[in-house]
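Notes follow once the structure below has been shown.
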Amino acid sequence: MNFLEKLQCTVCQREYPKNQALNLCTCGGVLFAVYDLKKIAKSFQKKSLAQRPQNLWRYAEFLPVEDEGNIVSLGEGFTPVIKLESLGEKLGLKNLFLKDESFNPTGSFKARGMSVALSKAKELKIQKICLPSAGNAASAAGCYAAKAGLRAYVFMPRDVDSTFVLECRAFGAVVNLVDGLISDAGRIMNQQKQPDWFDLSTTKEPYRVEGKKTLGLELAEQFDWELPDVVIFPTGGGVGIIGMWKAFDEMEKVGLIGEKRPRMMAVQAEGCAPLVKAFREKKERVEEWKNAATIASGLRVPKPFADFIVLKALRESKGEALAVGDREIVSCLKELAATEGIFVCPEGASSLAGLKKLVMEKKVDKGDKVVLFNTGSALKHIEALKKFYS
């Protein structure tokens, strides 16, 4: 499993040794894990996957853990791709699919990033981790920290659904509730942070992205190594898009896929759409969104830290960023449940709302292979959703 070569800054390209616990580059840029792709090309064979575990660690060559004894796993990844027959027919699409991340431990795609990040933290002898979160990342961090024997300190907005608070406390995490948004939680965390706490904030360390990268690897494998035409992803911090785009590049370089890429569509909420605004204004960085508010708490990220990487991926893929309203989100959540039997989280419902806009604007062809993402379980948002079913 020794294919990790180094860390490299995505801004200034400075390189760092792989055996250090690092957050950001000295220039403030995001660090990416870099692998020996020539060695991976020789080691990784498609036919070997049949004998590998049905979780994200089946792609071990593409992941940063060097000693498999440090892997912290609860069966995350390899979530199903489900064909949406009824909705596809209704929208005039022949090949509409949903990748359902609610099957992950702790009920969201955040388990992927935390499995890899906590495994690497264990390998680097880190004892305590901290992060701000809108909910799902905190519960996943608490879960995997407990499994790894680490201590987790999580900071969340006070209005987060009580399910997340309960989960975190059950896992033994120290919970800090903060007035305001995830940005305020991050600010308070930095004020209280102790010297021995390792910051696991989104894209402020190199390894959560590597866990999210497996979304792209799975899409390729599940579609017989030919990527779909359109990927529609609910986007707060944007790590899902960043991870998939990195995976596609690495897979092509080792010969697993060709040059084809999906058009990446980032969906945000109208009440918090900084990436949409920057994309439409052809800017490389976002402005902080004021008074962010949406039922989809995972999309309530006023200023994504790795904004420039997300925007670059959208443009390179000839994709888009679009915003949907809370009423559209709730309507699509109900429709997916009643039509396809899939009870998605509000963020997941936003991907269907985004698709409907793209279909209306004729930006998706009826023959396109389209994949929506449900990033988590609706059951994590019971307090927010129960009023719509009373």
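Tabulated values for the structure
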| quantity | calculated |
| --- | --- |
| Inter-label distance, nm, simple model (7 Å from Cα along the C-beta direction), residue 124/residue 38 | 2.7 |
| Option label - log10 I(q)/I(0) by the Debye sum over Cα atoms at q = 0.08, 0.10 Å⁻¹ computed here, alternatives (1) -0.42, -0.66; (2) -0.53, -0.75; (3) -0.37, -0.59 | (3) |
| Residues 153, 16, 207, 144 arranged by fewest to most Cβ contacts within 10 Å | 16, 153, 207, 144 |
| Placed amide H near residue 82: partners under 5 Å, 5+ positions off or other chain | 98, 99, 100 |
| Order of 168, 12 - criterion: other Cβ atoms within 10 Å of each residue's Cβ, fewest first | 12, 168 |
| Candidates per trypsin sites (Lys or Arg not before Pro) in the range 117-212, loop by DSSP, up to 12 other Cβ within 10 Å | 125, 158 |
| Cleavage-rule hits (GluC sites (Glu not before Pro)) in the range 283-390: DSSP loop, at most 15 neighbouring Cβ within 10 angstrom | 284, 287, 288, 361 |
| Estimated FRET transfer efficiency (residue 359, residue 316; beta-carbon r; R0 22 Å; 0.05) | 0.40 |
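Where a number appears in this text, it was derived from the coordinates with a stated rule and is not lab data. Not measured: the values here are computed from a predicted model. Note that we place each Cβ from the backbone using ideal geometry, even for glycine, and neighbour counts take in every protein chain shown.
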